[in-house]
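Structure, as structure tokens:
The values are calculated or read from the model by the stated rules, or taken from the named source; none is laboratory data. Keep in mind that this is a model prediction, so the values were computed, not measured. Cβ placement follows ideal geometry from the backbone for every residue including glycine, while neighbour counts extend to all protein chains displayed. The accessibility values were calculated without ligands, DNA or RNA, using every heavy atom of the protein model including side chains. Shrake-Rupley method; radii C 1.70, N 1.55, O 1.52, S 1.80 Å.
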Amino acid sequence: MELTKTITLLSGDGIGPEVSAEGVKLLNLVEKEFKYKFEIIKKDFGGIAIDKFGVPFPEDTLNTCKKSNAVLLAAIGGPKYDSLPREKRPESGLLELRASLNTFANLRPAIVFDSLLDSSTIKKEVLAGTDLIVVRELTGGLYFGKPKGIEKRGNEKVGFNTMVYSESEVRRIAKVAFEIARKRKKKVTSADKANVLDVSQLWKDTVIEVSKNYPDVSLEHMYIDNAAMQLIRNPKQFDVILAENLFGDILSDEASMLTGSIGMLPSASIGDGTLPAIYEPVHGSAPDIAGKNIANPIAMILSIGMMFKYSFNNEKIHDSIFHSVEKVLNAGYRTKDIYQEGSKLVGTSEMGNFICKEFSLCKV
Ligand code: NAD
């Protein structure tokens with residue numbers, strides 16, 4: 001029996017359309033090789049939507065996303081939009097998308113491929129064997145907390161945001177982290193700043209409460225500044241890192257540097273399952289390299305892998321995609337961002353072609 005899945009594709013801006021094209025190639029291949037039928041609906045989102053409709057997240061795009069089985073997003077933004085009022089900028093559309101689909105958990109795995117050990121600026125003996133996942137709270141905390149704004153107080157302007165979490169928000173994200181840890185190395189490190197912030201104390205207390213339901217998973221607490229340090233000092237010590245929105249944003253970008261390039265990092269943003277999840281590379285629209293066929297499409301391709309794992313419950317295809325990427329890297333093919341002397345430099349579309357070819361050969 002054929003499995004029909006509707007995927008809303010938001011290619012966005014900059015390198016978004018280029019890396020999306022490689023993702024679509026792979027999806028077409030999955031259709032051919034497995035019993036899937038994909039209806040891929042392309043919608044405008046981000047800068048391109050601002051150009052066409054004056055808003056980053058048109059209602060039509062939202063409605064299509066809500067009706068689909070999964071949302072695949074490439075990247076949005078660019079210098080052209082930086083001077084717009086904040087609510088009209090592409091990034092506001094992104095926050096709105098996450099909030100509308102209630103994707104409160106952002107999962108960002110950082111796996112260091114052996115063949116890329118030399119691509120990172122960190123020593124390879126420190127990196128080898130790193131396999132961690134950052135579970136970042138995505139719809140609360142400092143990015144959404146109120147009051148926020150810039151206002152005149154006395155004779156100067158003051159800017160302010162609020163980091164706020166309720167127990168229920170912390171409970172649901174902690175549960176995601178513990179469930180994931182249960183299927184991995186059974187360790188959760190919760191990053192906070194409980195020595196200074198009240199909101200972090202509530203975070204910590206609530207995580208401890210949730211941990212009681214997971215006696216098989218060990219829990220440690222680490223101050224966010226130490227976590228940032230430990231992540232480059234000894235990344236292997238981590239399994240699942242749990243963090244609030246801003247802390248998780250920073251830690252996961254830092255983790256990308258362990259993998260060699262931000263172009264390698266996929267992500268999944270999931271909710272309680274009633275609305276579709278969002279799959280997107282961690283990187284932005286990279287306007288500096290857009291349109292040159294040099295962007296790395298691997299983060300996009302691995303994001304599709306995560307879509308099969310978390311939205312379509314198909315670990316087999318997830319694993320096949322992962323192993324195809326690994327084999328292409330082992331064979332020495334590299335986009336510019338991960339290129340090193342002696343390896344074979346390829347463009348965005350060639351990298352996509354090699355991965356697709358491997359995928360046809362290495363179905364696990
Ligand atoms: P960026 O991730 O776009 O780029 C940072 C650096 O990494 C650049 O040097 C870029 O060339 C490189 N890079 C990124 N992706 C790459 C890839 N796939 N292959 C090779 N190199 C890659 O971050 P930025 O420069 O801070 O932001 C650029 C724009 O993207 C801004 O408008 C920003 O707001 C937006 N942005 C969007 C998202 C998103 O869509 N989720 C995330 C971050 C930034």
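Under the condition of being over 21 Å from Asn293 (Cα atoms), in contact with a helix residue (DSSP H, G or I) (Cβ under 7 Å, 6 or more places away or on another chain) and polar (S, T, N, Q), which residue from the range 310-360 is nearest to the ligand (Cβ to nearest atom)?
Asn330
When both residues are 6+ apart or on different chains and their Cβ atoms are under 7 Å apart, which pairs have a first residue that lies in the range 50-70 and is of a type in the set (Phe, Trp, Tyr), and a second that is in a helix (DSSP H, G or I) and open to solvent by 20 Å² or more (accessible area, probe 1.4 Å)?
Between residues of the range 50-70 that are of a type in the set (Phe, Trp, Tyr) and residues that are in a helix (DSSP H, G or I) and open to solvent by 20 Å² or more (accessible area, probe 1.4 Å), the close pairs are Phe57/Glu96.
Just the residues that are more than 10 Å from the ligand (Cβ to nearest atom) and open to solvent by 50 Å² or more (accessible area, probe 1.4 Å), please, taken from the range 86-98.
The answer is Arg86, Glu87, Lys88, Leu95, Glu96.
Mind counting the residues in the range 101-117 that are touching a Ser or Thr at 6+ places or on another chain (Cβ under 9 Å), charged (D, E, K, R) and over 19 Å from Ile270 (Cβ atoms)?
0
Let me confirm something: among Glu220, Glu179, Glu151, Glu209, which residue is open to solvent by 60 Å² or more (accessible area, probe 1.4 Å), assigned to a strand (DSSP E or B) and at pLDDT 95 or above?
Exactly one of Glu220, Glu179, Glu151, Glu209 is open to solvent by 60 Å² or more (accessible area, probe 1.4 Å), assigned to a strand (DSSP E or B) and at pLDDT 95 or above, namely Glu151.
Would you please list the contacts, defined by Cβ atoms under 6 Å and residues six or more apart or on different chains, that run from a residue in the range 275-290 that is on the phi > 0 side of the Ramachandran plot and at pLDDT below 95 to a residue that is open to solvent by 30 Å² or more (accessible area, probe 1.4 Å) and in a loop (DSSP other than H, G, I, E, B)?
Sorted first by the residue in the range 275-290, then by its partner, the list stays empty.
Taking the range 231-240, which residues are open to solvent by less than 10 Å² (accessible area, probe 1.4 Å), more than 16 Å from Tyr214 (Cβ to Cβ) and outside any helix (DSSP H, G or I)?
Answer for the range 231-240, where residues must be open to solvent by less than 10 Å² (accessible area, probe 1.4 Å), more than 16 Å from Tyr214 (Cβ to Cβ) and outside any helix (DSSP H, G or I): just Phe238.
Look at Ala228 and say whether it is open to solvent by less than 10 Å² (accessible area, probe 1.4 Å) and away from the ligand (no atom under 16 Å from the Cβ).
The answer is no for Ala228.
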